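The values are calculated or read from the model by the stated rules, or taken from the named source; none is laboratory data. What you see is a predicted model; the values in this text were computed from it and never measured. As a convention, Cβ positions derive from the backbone with ideal geometry for all residues, glycine included, and neighbour counts pool all protein chains shown.
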Amino acid sequence: MLENASILITGGTGSFGHTFVPMTLEKFNPRRLVVFSRDEMKQWDMAHKFQNDKRVSFIIGDVRDSARIARALDGIDYVVHAAATKIVPTAEYNPFECVKTNINGAMNLIDVCIDCGVKRVVALSTDKASNPINLYGATKLASDKLFVAANPYAGVHDTRFAVVRYGNVMGSRGSVIPFFMSLAQSGTLPITDTRMTRFMITLEQGVELVWHAFENMEGGEIYVKKIPSMNIVDIAKAVAPDARHEIIGVRPGEKIHEQMIGFEDAPHTFEYPDHYKILPAIHNWSSDHARINNGVRVDPDFMYTSDNNSEWMSIEVLQAWIDEHCGKIGKI
């Protein structure tokens, strides 16, 4: 599907974009891959990595600016929407800015994608959008709802929209692993709560889920990857086995456990070998055979949370992953 296509990724200079771009270039050989983001320095640095690849181009712009999105989407077939204000404490203290990017920006992108005849759009979401307790999660829940409802909103246009939902992305900039690594030499690591658990997904797995969504979507689906969990204390032990732990308490807007599927979504959720799919409650789409596509409906009281997970990552497995990727953890 993506072979010889024109693809644009919003927020493409972030951790996801740094993995999506080279993986997609290698696997699909798109005709054109456009990185759209608002940070000129990040674009400058990233452009050096692809300066000899004529398929890759960069456009400065903000999803808050509809006219700029329209210019960037000229001739684009597929869009990955990765742009977001996503640091939980930052969103708590700057809610208006978070709303402008995560909600207004989503609305802008939806409108322009329809007007420009984009074929398919996949938006990145977060576990925090499921039963949100913080502003970031609330804005991403609103964004998810916008992308789901955008399918009938497209009217006679053939643009389709879907969502992929992630947990904690291992080693991404600003996440817990590089944070612990930066403090390892001090001999003390801060632990918010010893009960805390987190889902663990690699950037490569995230990219592959986006590819699957492009291939599989009928429109309106939320895809959730099956991934392992870890306790925060075990993550700290994997990073710095000899460090002592200082309990500092949960930060504003932070959950003890991550949730990617709540029991309210269970009636519309289907299971597949390596992922779940939440189908829209609207328009009876959750009973549409094309969208279900051989999935098995989950139990009525099903929930997918990081503490009730059937799969757990060991300290040894995480240590091996850190050893393999230590050169780029937290760098992108």
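Key figures
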read-out	value
Of the criteria (1) at pLDDT 95 or above; (2) over 18 Å from Ala213 (Cα atoms); (3) among the aliphatic types (A, V, I, L, M), which one Val250 fails	(1)
So Tyr223, is it more than 26 Å from Ile191 (Cβ to Cβ), out of contact with any helix residue (DSSP H, G or I) (no Cβ under 8 Å at 6 or more places or on another chain) and hydroxyl-bearing (Ser, Thr, Tyr)	no
Test: residue in region 250-268 that is surrounded by fewer than 16 Cβ atoms within 10 Å (Cβ to Cβ) and farther than 20 Å from Asp127 by Cα	no
Matching residues in region 155-167 - criterion: being crowded, with 20+ Cβ neighbours inside 10 Å and either farther than 16 Å from Ile261 by Cβ or hydroxyl-bearing (Ser, Thr, Tyr) (or both)	Thr159, Arg160, Phe161, Tyr166
Restricting region 1-37 to residues that are among the polar types (S, T, N, Q) and not in a loop (DSSP other than H, G, I, E, B), the residue that is surrounded by the most Cβ atoms within 10 Å (Cβ to Cβ)	Thr10
Count - residues of region 274-285 that are modelled with pLDDT under 95 and out of contact with any Gly (no Cβ under 6 Å at 6 or more places or on another chain)	4
Single condition Gln185 does not satisfy, out of (1) polar (S, T, N, Q); (2) modelled with pLDDT of 95 or more; (3) farther than 15 Å from Gly11 by Cβ	(2)
Condition check for Ile235: among the β-branched types (Val, Ile, Thr) and crowded, with 19+ Cβ neighbours inside 10 Å	yes
Members of region 138-155 that are touching a residue at least 40 places away in the same chain (Cβ under 8 Å), within 17 Å of Lys100 (Cα to Cα) and not β-branched (Val, Ile, Thr)	Lys140, Ala142, Ser143, Asp144, Leu146, Phe147
Top-ranked residue of region 207-232 - restricted to ones that are surrounded by fewer than 22 Cβ atoms within 10 Å (Cβ to Cβ) and polar (S, T, N, Q), ranked as farthest from Ile110 (Cα to Cα)	Asn231
Qualifying helices (runs of 4 or more DSSP H) (wholly inside region 58-170; at least 1 residues being within 23 Å of Ile278 (Cα to Cα))	105-115, 135-153
Region 183-206, residues that are surrounded by fewer than 21 Cβ atoms within 10 Å (Cβ to Cβ) and β-branched (Val, Ile, Thr)	Thr188, Ile191, Thr192, Thr194, Ile201, Thr202
Pairs with Cβ under 7 Å, 6+ apart, first in region 63-78 and within 27 Å of Glu215 (Cβ to Cβ) and exposed (fewer than 14 other Cβ atoms within 10 Å of the Cβ), second modelled with pLDDT of 95 or more and of a type in the set (Ser, Thr, Tyr)	Gly75/Ser6
